[in-house]
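The values are calculated or read from the model by the stated rules, or taken from the named source; none is laboratory data. Note that the structure is predicted; figures quoted are calculated from it, not measured. Don't worry about glycine lacking a Cβ; one is built from the backbone with ideal geometry, like all the others, and counts go over all protein chains shown. Keep in mind that these areas ignore ligands, DNA and RNA; they rest on the heavy atoms of the full protein, side chains included. Shrake-Rupley method; radii C 1.70, N 1.55, O 1.52, S 1.80 Å.
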Amino acid sequence: MKRITRKSYALPYAVFLALFVVIPLFLILLYALTAPDGHWTLQNFAKFFSQTQAVNTFVYSLGIAMITTMVCILIGYPIAYILSNPRYNRSQTLVMLFILPMWINFLLRTLATVALFDFLRIPLGEFSLVFGMVYNFLPFMILPIYNILQKMDKNLIEAAQDLGANPRQVFLKTTLPLSLPGVASGIMMVFMPTISTFAIAELLTVNNIKLFGTVIQESINNNLWNYGSALSLIMLLLIGATTMLTSREGSSREGGGLW
Amino acid sequence: MLYAPLIIIVLFSFTESKVIGNWTGFSVQLYGNLFSGATSVKLIRALVNTLLIALISGMLSTLLGSVAAVGIFNLRNRTRKIIQSVSRIPILNADIITGVSLLLLFVSLGISRGFVTVVLAHVTFCTPYVVLSVMPRLHRMDPNLYEAALDLGATPSMALRKVILPEILPGIISGFILSVTLSIDDFVVTIFNIGNEGLETLSTYIYNDARKGGLTPELRALSTIIFIMVLTLLIIINRRAQKKQPARNLK
């Protein structure tokens, strides 16, 4: 009899991953490429591309996600930069302050934002949508950038200064390039959820603005599994593309990860 | 700015009005309602479901993930890379895709959706995080320790329990905490796999409630309580972490 080695401890997890990760993804592919009666077809994709409304929603969601990601970078980078500077942030307390809201259920946070807009008598719409998304996902941009800035070798900055670089040059030529992997994983952490979210959009715009995630959820809810799978597959491809783009940028991403 | 919405919720948990923004005098009625009355039964049941699902899936993922980490650590390079990249899929993937794909799995297997499917779904997206938090501990461990234990006559399982387990325990614990947090916070994966037999977690309850228009006022009180509990917990953890490892902050 073969002796059990510690290697075999990976076996249950391998089986689990196959069953709950790999097979379900193949099921999406299978459902997307078949009709409800089971024969192979491309009609699910044809349906998507023939409906201008569906395509428009897709493009619109992409736009909203990009704007949200940009705003998160523009706000998050300076915050992360300040937080990583020991002069302003002696203890971890300030960082904790930014992580803390993440521990509240995001639906509650979103509803609180709705309440805030109601309170200030600002009508719900595109602006509230982007605001709510930024509010929800900003910490996911700050943390990776903060992590990488903190782990950065401070000697490099001093070296740049010694070599006669002015503060702007130091930032542009040293700090910024070194922190790009953090930005890349921040983009991943923000862009993915914003492109696929549905609840936030529903609540923040009283379901006036539909995002791609909402369309997926509605078709699944109405038992249109084949169409829903086709839409999911389109999103999956988008996610794959984003992952490839950002992970090429951050090939040493380990330092920039959130956890 | 980040806190303005939260402050508004806390503030308006002390008034009875149906909608936020309409102050109708100070009252702790909402807090009272949490513990008696019709809303309370539903809310408490949703809360219990949430915690139960979080604890069960947290324990399952921790067990599965910790054992897996030890196994993966000892695998040869190629197999290890394959498992690790598959393991990364649920982390990188959008929630909605995870939710839909698991829904399709359960539907094709003919499993009716309910408590069990939600737990399985949560284990799916939590376990990779456990593996991720245990792995660094194994890498940091002195490999000779295990060999030494074997040389000193320990059986492999004894060495595992007495040498490896204590070394990776902090990773296991943080993996568990992470899993429970992720599970409590999850909404998207849950809503696809919860079915329609009346099972509700806190997030699906809030979602359905908000969709019907208007939020149950009692939720403001409940979220205030949760918020304060989380706050205290984090402060305690932070204090202890700073006391324990002052060296880390000196850098």
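With protein chains left intact and a 1.4 Å probe, residues in the stretch A:107-259 average 43 Å² of accessible area per residue. What FRET efficiency comes out for the pair A:LEU245/A:LEU74, r = Cβ-Cβ distance, R0 = 22 Å, nearest 0.05? About 0.65, to the nearest 0.05. For a straight C-alpha distance cut-off of 16 angstrom, the aspartates and glutamates reachable from A:LYS154 (same-chain residues fewer than eight places away being disregarded) are A:ASP162. For chain A, the longest piece that avoids every one of the trypsin sites (Lys or Arg not before Pro) found in DSSP loops with at most 11 other C-beta atoms within 10 Å covers A:122-259. 3J(HN,Hα) along the stretch B:118-130: 5, 4, 4, 4, 5, 4, 4, 8, 8, 3, x, 5, 5 Hz, from the Karplus curve 6.51 cos²θ - 1.76 cosθ + 1.60 with θ = phi - 60°, whole Hz, x for Gly and Pro.
Using 24 Å as the Cα-Cα cut-off, could you pick out the over-long pairs in A:LYS7/B:LYS162; B:LYS42/B:LYS212; A:LYS47/A:LYS210; A:LYS151/A:LYS173? Check vs 24 Å cut-off fails for no pair. Taking amide H atoms as placed 1.01 Å from N in the peptide plane, the amide H of B:THR15 lies under 5 Å from those of B:SER27, each 5 or more residues away in sequence or on another chain. How far, in degrees from 0 to 90, does helix B:165-185 lean away from the longest principal axis of the Cα atoms of chain B, to the nearest 10? The angle comes out at about 30 degrees.
Remark: the stretch A:218-235, residue by residue, has Karplus-estimated 3J(HN,Hα) of 5, 5, 5, 4, 8, 6, 8, 5, 5, 5, x, 5, 4, 5, 4, 5, 4, 5 Hz, where x stands for each Gly or Pro and the curve is 6.51 cos²θ - 1.76 cosθ + 1.60 at θ = phi - 60°.
For chain A, the longest principal axis of the alpha carbon atoms and the long axis of helix A:106-119 meet at an angle near 80°. In chain A, helical runs assigned H by DSSP with n ≥ 4 each contribute -39500 (n - 2.57); averaged across all residues and rounded to the nearest 500, the mean residue ellipticity at 222 nm is -22500 deg cm²/dmol. Taking a sphere under 15 Å around the Cβ of A:PHE58 and counting the other residues whose Cβ falls inside, with K and R at +1 and D and E at -1, yields a net charge of +1.
Which loop chymotrypsin sites (Phe, Trp or Tyr not before Pro) in the stretch B:7-95, with loop taken from DSSP, have no more than 15 other Cβ atoms within 10 angstrom of their Cβ? List each step's numbers first, then the result.
Working: sites: B:PHE12, B:PHE14, B:TRP23, B:PHE26, B:TYR31, B:PHE35, B:PHE73; in loops: B:TRP23.
The qualifying sites are B:TRP23.
Distant-in-sequence amide contacts of A:THR34, defined by a placed amide H-H separation under 5 Å and a gap of 5 or more residues or a different chain, comprise A:THR41.
When B:MET229, A:MET96, A:MET152 are compared by accessible surface with a 1.4 Å probe, the order from highest to lowest is B:MET229, A:MET96, A:MET152.
In this simple spin-label approximation, A:ASN223 and B:ILE225 carry label points 7 Å from Cα along the Cα→Cβ vector, and these lie 3.9 nm apart. Approximating the spin labels as points 7 Å out from Cα along Cα→Cβ, the B:VAL107-to-B:THR232 distance works out to 4.5 nm. With a 10 Å cut-off around each Cβ of B:103-111, the average count of Cβ atoms from other chains is 5.
Relative to the isolated chain, which residues of the stretch A:105-140 have their accessible area cut by 40 Å² or more in the presence of all protein chains (1.4 Å probe, heavy atoms, no ligands or nucleic acids)? With the partner chains in place, the stretch A:105-140 has these residues losing at least 40 Å²: A:ASN105, A:PHE106, A:LEU107, A:LEU108, A:LEU111, A:ALA112, A:ALA115, A:LEU116, A:PHE119, A:TYR135. Could you tell me how many degrees, from 0 to 90 and to the nearest 10, lie between the Cα long axis of helix A:52-84 and the main elongation axis, the longest principal axis, of the Cα atoms of chain A? The helix A:52-84 is inclined about 20 degrees to chain A. Within a straight-line Cα-Cα reach of under 18 Å, B:LYS81 can be paired with the following aspartates and glutamates, leaving aside sequence neighbours fewer than 8 residues apart in one chain: A:GLU254. Phi angles of the stretch A:162-174 translate, via the Karplus equation with coefficients 6.51, -1.76, 1.60 and θ = phi - 60°, into HN-Hα couplings of 4, 7, x, 7, 7, x, 5, 5, 4, 5, 5, 9, 10 Hz per residue; Gly and Pro are given as x. Sorting B:SER36, B:SER203 by accessible area puts them as B:SER36, B:SER203; the probe is 1.4 Å, largest comes first, and only protein heavy atoms count. Computed from the C-beta positions of B:ARG140 and A:ALA159 and an R0 of 45 Å, the FRET efficiency is 0.90 to the nearest 0.05.
For the stretch B:23-101, the solvent-accessible area works out to 50 Å² per residue, with a probe of 1.4 Å and every protein chain left in place. Among the chymotrypsin sites (Phe, Trp or Tyr not before Pro) in the stretch A:73-147, those located in a DSSP loop and surrounded by at most 10 other Cβ atoms within 10 Å of their own Cβ are A:TYR88. Computed FRET efficiency, Cβ-Cβ of A:GLN169 and A:ILE82, R0 25 Å: what is it to the nearest 0.05? Efficiency, rounded to the nearest 0.05: 0.80.
Per-residue accessible area (protein heavy atoms, 1.4 Å probe) orders B:THR39, A:THR113 as B:THR39, A:THR113, starting from the largest.
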